[in-house]
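Here it is: the structure, laid out below.
The values are calculated or read from the model by the stated rules, or taken from the named source; none is laboratory data. Keep in mind it's a predicted model, so treat the numbers as computed, not measured. As a convention, Cβ positions derive from the backbone with ideal geometry for all residues, glycine included, and neighbour counts pool all protein chains shown.
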Amino acid sequence: MNPWPRLAVGLVLATLIRAGATALAPGGADLLDPFIAATIWIAVASRPLPAQTCGLVLGLAFDLFSGRPFGLGGFAGTLVGYLVARFAQHLLVRQPRTLILVFALAVAVQRATIALLEVLLMPDAVIPSWQRVALTIMATTALGIGWVRCEGWLTWRLAGWRRDRASRLRLD
Amino acid sequence: VNPARRDRLVLILLLLGQFAMVSAQAERRQDALAERILMRALVPLASWVNEVAGLLSDIPGYLRTRSALAEENKQLRTALEQARALEAQLTVLRGEQARLRAVLDYRQSTAANVRIADVVFADYQSWLRTLIIRGAAGVRFEVGQPVVAPTGLVGRVVAVAGPWAKVQLVTDRAAAAGVQLARNRRQGVLRGSGSGALSLEYLARQADVEIGDLVQTAGIDGVYPRGLVVGVVSAVGASGDLFHNVEVTPLVDLSTLDQVLVLDRVEIPSILADSQTSGGEAP
């Protein structure tokens, strides 16, 4: 699939999820990162160049809504997009266990990158606790897996509808 | 160009650019140019997100408000129904007060002993010729007692059964009363016609009678005391005989009676009653 429509869909869905999470649980919305989930979802199915570009855009959108210094999320998103796309070029990442591993590692890399940049660039940086990071990784991984499952279900339904329509056309 | 090398080059450039942007932002604590540009591009989306978030966060409040309003509406409806019931009750009480005031005024204006009775049945099938009334506890009626309303004569008691009494209305075809014109004391006999109007009979042709003359009881029939208002003359015709042909309209609207006043019976000395019985038929 072309990555740019996926970028648009991912941006809209991630924004909606972020807004919904903020409205439902303002204190815990930061535990869920739909922008990095969207980045990984795009990157596992595309080449490194579009993947890192999508990661950049989604990371900046993450910065826009997270209140962190602008560019931290973009940096981490770019790196994660590139790494996941490179990883997906060499390995079969459609298996559920592999997908979970990819999502968890990618979120961990993103959080570590952001923490590292904050420590390097911000004198008053506050490093989140490892429990909070673990919760973020688990929640975002679950969201990403659900995202991929939904896409698979929709693709299957669309293929079925197309098959049904093609058979009807032949009968007519 | 090797795609892998190109991708790595782009990656490094992007990372360096962003690192420079973040570090510059961290040092000067100012908004980055890229941030301003992206803000311009994403502000519509951000505002839309805020609106969506605001809408989502407003939903519980909206539901709570709606629930509270529904509850308040229910309470107000109940209060309104109670107020309406109270208003209806007040209207009934106001009417009852007016009636009682009229009764009180009448009692104060007459020397006769007056008892109040409720109308429990009206004979609509025969043009309101009779009523059934019921007195208060302990009150017993007698045949022949005059029955009046604050505005005029109603009839007389013709049958009694315990607390109930049957009243023959003045409009009954068989009812009669000795009356006089209030203006000149010309006397006659008032009879019911059965159709709601009254007929004044035996009023001599030379008597001065005009439409609008007030007709009242004359106290000559041994049933009704003198001075009870009956009605007004509504038509005067020449019958060609010795008497006027006069139609009288009752002042009491007999179709709306719900309470009446029962007066004590006029006591006629026994010697006069005997002579009256032997001398002729009482009206």
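Read through the list (1) under 18 Å from A:Leu143 (Cβ atoms); (2) part of a helix (DSSP H, G or I); (3) among the aliphatic types (A, V, I, L, M); (4) touching a helix residue (DSSP H, G or I) at 6+ places or on another chain (Cβ under 8 Å), then give the number of the only condition that A:Leu105 fails.
Of the numbered conditions (1) under 18 Å from A:Leu143 (Cβ atoms); (2) part of a helix (DSSP H, G or I); (3) among the aliphatic types (A, V, I, L, M); (4) touching a helix residue (DSSP H, G or I) at 6+ places or on another chain (Cβ under 8 Å), the odd one out for A:Leu105 is (4).
Looking only at residues in region A:86-113 that are closer than 19 Å to A:Arg149 by Cα and among the small types (Gly, Ala, Ser), which one is surrounded by the most Cβ atoms within 10 Å (Cβ to Cβ)?
Ranking the qualifying residues of region A:86-113, first place goes to A:Ala106.
Moving on to the next point. Taking the options B:Val233, B:Val266, B:Val223, name whichever one is at pLDDT 90 or above and within 42 Å of the chain's Cα centre (by Cα). Steps first, please.
Details: B:Val266 fails: at pLDDT 90 or above; B:Val223 fails: at pLDDT 90 or above.
From the options B:Val233, B:Val266, B:Val223, the qualifying one is B:Val233.
When you scan region B:236-262, how many residues do you find that are assigned to a strand (DSSP E or B) and surrounded by 13 or more Cβ atoms within 10 Å (Cβ to Cβ)?
The first filter runs over region B:236-262 and keeps only residues assigned to a strand (DSSP E or B), leaving B:236-238, B:243-250, B:259-262.
If we keep only those that are surrounded by 13 or more Cβ atoms within 10 Å (Cβ to Cβ) as well, we get B:236, B:243-250, B:259-262.
Of the residues in that region, 13 qualify.
Further question: Given the conditions (1) more than 10 Å from the chain's Cα centre (by Cα); (2) in contact (Cβ under 8 Å) with a residue 12 or more places away in the chain, report the number of the one that A:Trp41 does not fulfil.
(1)
Only residues that are assigned to a helix (DSSP H, G or I), surrounded by fewer than 12 Cβ atoms within 10 Å (Cβ to Cβ) and more than 9 Å from chain A (Cβ to nearest Cβ): list them for region B:1-11, please.
B:Arg5, the sole residue that qualifies.
Consider B:Ser57 carefully, then state whether it is at pLDDT 75 or above and within 11 Å of another protein chain (Cβ to nearest Cβ). Break it down stepwise before answering.
Numbers: at pLDDT 75 or above: no; within 11 Å of another protein chain (Cβ to nearest Cβ): yes.
Considered against the rule, which asks whether it is at pLDDT 75 or above and within 11 Å of another protein chain (Cβ to nearest Cβ), B:Ser57 comes out as no.
Restricting to region A:44-77, name every residue that is among the β-branched types (Val, Ile, Thr) and either crowded, with 24+ Cβ neighbours inside 10 Å or within 12 Å of the chain's Cα centre (by Cα) (or both).
Narrowing region A:44-77 to residues among the β-branched types (Val, Ile, Thr): A:44, A:53, A:57.
Selection gives A:Val44, A:Val57.
Hey, another quick one. Can you go through A:Ala8, A:Ala51 and tell me which one is within 12 Å of chain B (Cβ to nearest Cβ), over 17 Å from A:Ala104 (Cα atoms), aliphatic (A, V, I, L, M) and touching a helix residue (DSSP H, G or I) at 6+ places or on another chain (Cβ under 7 Å)? Let's see the steps before the verdict.
Values: A:Ala8 fails: touching a helix residue (DSSP H, G or I) at 6+ places or on another chain (Cβ under 7 Å).
Sole residue among the options that is within 12 Å of chain B (Cβ to nearest Cβ), over 17 Å from A:Ala104 (Cα atoms), aliphatic (A, V, I, L, M) and touching a helix residue (DSSP H, G or I) at 6+ places or on another chain (Cβ under 7 Å): A:Ala51.
A further question follows. What tally of residues in region B:176-190 results from selecting those that are surrounded by fewer than 22 Cβ atoms within 10 Å (Cβ to Cβ) and closer than 16 Å to B:Gly222 by Cα?
Here is the first cut: in region B:176-190, the ones surrounded by fewer than 22 Cβ atoms within 10 Å (Cβ to Cβ) are B:176, B:178, B:182-187, B:189.
Filter once more, keeping what is closer than 16 Å to B:Gly222 by Cα: B:176, B:178, B:187, B:189.
So the answer is 4.
Follow-up. Is it the case, given these coordinates, that A:Val57 is within 14 Å of chain B (Cβ to nearest Cβ) and within 28 Å of B:Ser23 (Cβ to Cβ)?
Values: within 14 Å of chain B (Cβ to nearest Cβ): yes; within 28 Å of B:Ser23 (Cβ to Cβ): yes.
In short, yes.
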